[in-house]
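*Asks:* Can you read through this structure? Questions will come right after.
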Amino acid sequence: MRTLEQQFTIHHAFPVYFSRNVLRAEDPLLAALLLRGGRKSHKVLCFVDSGVLASYPTLGRQIERYAEVHRNFMELCGPVLPVAGGEKCKSEPHVVESILKQIQEYHLCRHSFVLAIGGGAVLDAVGYGAAVAHRGLRLIRMPTTVLGQNDAGVGVKNGVNAFGRKNFVGTFAPPFAVINDFDFLDTLPPQDLRAGMAEAVKVALILDRQFFNYLFNQRFDLAAFRRQPMEEMIVRCAALHMNHIGTGGDPFETGSARPLDFGHWSAHKLEEITCGLVSHGEAVAIGIALDSLYSYHLQMIGESELHRIFMLLADLGLPLYHPALAVLDIGCALGEFREHLGGEPAITLLTGIGRKKEVDRIDTTLMARCVEELRQHVGAKNFSPSADRETARTVPVYGELN
Ligand SMILES: NC(=O)c1ccc[n+]([C@@H]2O[C@H](COP(=O)([O-])OP(=O)(O)OC[C@H]3O[C@@H](n4cnc5c(N)ncnc54)[C@H](O)[C@@H]3O)[C@@H](O)[C@H]2O)c1
Ligand SMILES: [Zn+2]
């Protein structure tokens with residue numbers, strides 16, 4: 001037998017900007033970014049979320065004007081192309097096919113740029129197309145939702161749904177750059193402004209107690225969508241996500257622990273069984289409530305901590321329960337989550353605010369009891385979790401995650 005070993009290291013780096021009104025003709029940011037790709041006029045194909053286009057009907061013209069002014073660096077190779085906004089663009093296979101077709105028809109090469117402007121769903125679908133066409137084009141993301149700016153847009157992956165499974169198809173593909181333009185949030189509907197805050201609560205709970213306290217203290221201003229705390233929340237949330245991906249030692253998620261997916265095992269399933277009726281952010285809020293309650297019942301967090309978590313979610317206007325949770329097959333959902341991640345089963349729980357622990361077993365009977373407690377909580381102003389935590393300790397924590 002003869003064995004050769006291949007080995008190389010790849011360095012990844014990309015900038016994430018926070019700015020305003022970046023597509024006005026005199027703004028230098030996008031042009032300067034293209035210049036980083038080489039001193040020439042770069043082919044750029046621009047895909048825009050249909051929800052964004054509906055709110056900014058002149059955006060296409062504005063981008064054309066931008067390209068005219070910066071023609072030394074930017075060659076817009078076609079009209080601005082709309083992509084149906086929201087989860088359906090990830091669920092309907094023809095959307096990715098059409099993105100690939102446009103990339104082919106406009107003769108983009110690996111050095112060309114795809115500019116994706118939109119919510120997390122459009123960024124995922126366009127990002128996937130850009131990652132697989134010619135095995136990877138340069139992608140500049142311009143997220144236009146809270147969730148896009150504080151989470152989905154600043155990470156290293158993309159994904160679309162297939163066979164009824166959330167994010168079943170996708171790649172790890174760091175973008176060339178990310179430009180978060182706060183002005184886009186002015187037209188975002190309240191439910192989407194709110195939904196993005198769930199990811200901030202999530203990342204604060206697992207990584208940063210001070211950030212949780214900030215969110216808690218600002219919760220009424222955040223609920224009123226005041227600009228200053230909203231922007232602070234977005235930047236800090238994005239920074240925590242980026243820091244974890246960059247320094248956590250597993251940017252492409254080859255290991256088992258996935259703390260950034262706290263609350264997500266049930267959230268993904270809720271999105272699936274409601275066919276996207278419950279948005280990603282809302283589902284994450286419910287998933288956080290459920291896994292926090294479960295952590296409480298395992299005596300990993302105290303009652304006052306649980307109260308603060310529930311109070312923050314509720315005061316932000318986020319849901320803690322949805323009737324679809326009651327029909328969720330917990331064992332099956334955990335099994336599918338494990339299958340998606342690979343490796344040893346690992347679910348993140350809380351051991352305090354800003355502190356987490358990975359567990360490899362879940363007591364599905366206790367989890368079902370938590371679902372029932374959440375159901376009873378709906379409408380009750382002052383939630384008191386069942387004090388009967390003894391049961392949790394005496395019932396054996398059983399079962400593989402299936
Ligand atoms: N790749 C990742 O790392 C990652 C991380 C987290 C979430 N996600 C994905 O992100 C998606 C959720 O993203 P989202 O919360 O941004 O929702 P979304 O993309 O579904 O957008 C919500 C709605 O807002 C509209 N919209 C977007 N920007 C607007 C604006 N500025 N003004 C008016 N309307 C606007 C869209 O058309 C859509 O109808 C999910 O599919 C989730 O799986 C991906
Ligand atoms: Zn998420």
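The values are calculated or read from the model by the stated rules, or taken from the named source; none is laboratory data. These numbers come from a predicted model, not from an experiment. All Cβ positions, glycine included, derive from the backbone under ideal geometry; neighbour counts span all protein chains shown.
*Asks:* With D208, D186 as the choices, which residue is more than 16 Å from ligand 2 (Cβ to nearest atom), more than 26 Å from V327 (Cβ to Cβ) and either free of Cβ contacts under 8 Å to residues at least 60 places away in the same chain or buried (at least 22 other Cβ atoms within 10 Å of the Cβ) (or both)?
*Replies:* Criteria check complete, one pass: D186.
*Asks:* Now a separate question. On the given criteria, is G148 buried (at least 19 other Cβ atoms within 10 Å of the Cβ), within 15 Å of ligand 1 (Cβ to nearest atom) and part of a helix (DSSP H, G or I)?
*Replies:* Details: buried (at least 19 other Cβ atoms within 10 Å of the Cβ): yes; within 15 Å of ligand 1 (Cβ to nearest atom): yes; part of a helix (DSSP H, G or I): yes.
Considered against the rule, which asks whether it is buried (at least 19 other Cβ atoms within 10 Å of the Cβ), within 15 Å of ligand 1 (Cβ to nearest atom) and part of a helix (DSSP H, G or I), G148 comes out as yes.
*Asks:* Which pairs turn up if I take residues in region 71-83 that are assigned by TED's automatic domain parsing to the domain that holds L33 and farther than 13 Å from A116 by Cα and look for partners that are among the hydrophobic types (A, V, I, L, M, F, W, C) and assigned to a loop (DSSP other than H, G, I, E, B) with beta carbon separation below 8 Å, at least 6 apart in sequence or on another chain?
*Replies:* Sorted first by the residue in region 71-83, then by its partner, the pairs are C77/L108.
*Asks:* Let me ask another. Within the set of pairs 6+ apart or on separate chains, which have a first residue in region 309-334 that is without any contact (Cβ under 8 Å) to a residue 40 or more places away in the chain, a second that is surrounded by fewer than 21 Cβ atoms within 10 Å (Cβ to Cβ), and C-beta atoms under 6 Å apart?
*Replies:* Every condition considered, no pair remains.
*Asks:* Going through G120, G85 one at a time, which residue ends up being within 16 Å of ligand 2 (Cβ to nearest atom) and buried (at least 18 other Cβ atoms within 10 Å of the Cβ)?
*Replies:* Testing whether each residue is within 16 Å of ligand 2 (Cβ to nearest atom) and buried (at least 18 other Cβ atoms within 10 Å of the Cβ) leaves just G120.
*Asks:* List the helices (runs of 4 or more DSSP H) that sit entirely inside region 213-316 and contain at least 2 residues that are of a type in the set (G, A, S). Walk me through it before giving the result.
*Replies:* Details: elements: 219-223, 227-247, 264-273, 280-297, 303-315.
Passing ranges, in order: 227-247, 264-273, 280-297, 303-315.
*Asks:* Quick one: count up the residues across region 78-128 that are under 21 Å from the mean Cα position of the chain (by Cα) and aromatic (F, W, Y).
*Replies:* 1
*Asks:* Being under 16 Å from A32 (Cα atoms) and free of Cβ contacts under 8 Å to residues at least 24 places away in the same chain is the filter here; which residues of region 51-67 pass it?
*Replies:* A67
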